[in-house]
Amino acid sequence: MKGHLDLRAVTNLEDVTLSNVGGDLLFMSVTSLEGVTFGDVRGNLDLRSVTSLEGVTFGNVEGHLALRSLTSLKDITLPDVGGTLYLSSLTSLKDVIFGEVEEVLCLDSLPNEEKKLLQNEYPNLTIE
C-alpha cells in the first residue's frame with residue numbers, strides 16, 4: 001500500500017495482518033493488538049497507546065516506532081527501526097530481542113541498572 005494509513009480512531013485490533021505500508025501507520029487510540037502482524041512499514045509506526053504486545057509480530061520499520069505506553073516487555077522480538085524506538089514508559093523487560101535501531105532507543109523510565117545491562121548486551125545501541 002502506498003501512502004499513509006491513519007487509523008487514529010480505532011481502539012481495538014485483533015488477528016489482523018497489515019503489510020507493506022508505504023508511509024506512516026498511525027494507531028493513536030489502540031490499546032490492544034492481540035494477534036496482529038505488521039509487515040514492513042516505510043514510514044513511522046505510531047502505537048503510542050498500546051499497553052500490551054502479546055502475540056504481535058513486527059516487520060521492519062524505516063521510520064520511528066512509538067510504543068510510549070508500554071510498561072513491560074516480555075518474550076518478544078522487536079524489529080529493525082530506521083529512526084528512534086520510543087519505549088518511554090517501560091519499567092521492566094525480560095527475554096526481549098532488539099533489532100537494529102538507527103537513531104536512539106528511548107528508555108526514560110527503565111532503571112539505570114537495566115539500561116546498563118542492555119547497553120552491555122547491545123553495544124551498538126544509543127540508549128537514553
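The values are calculated or read from the model by the stated rules, or taken from the named source; none is laboratory data. These numbers were taken from a predicted model, which means no experiment stands behind them. Here the Cβ is made from the backbone with ideal geometry for all residues, glycine too, and neighbour counts use every protein chain on show.
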### Message
Every residue in region 69-128 that is touching a His at 6+ places or on another chain (Cβ under 9 Å) and part of a loop (DSSP other than H, G, I, E, B), please.
### Response
G82, G83, T84, E103
### Query
Do any residues in region 56-83 that are closer than 20 Å to E103 by Cα and modelled with pLDDT of 90 or more have Cβ atoms under 8 Å from those of residues that are among the charged types (D, E, K, R) and assigned to a strand (DSSP E or B), where the two are at least six apart or on different chains, and which pairs are they?
H64/D46; A66/D46
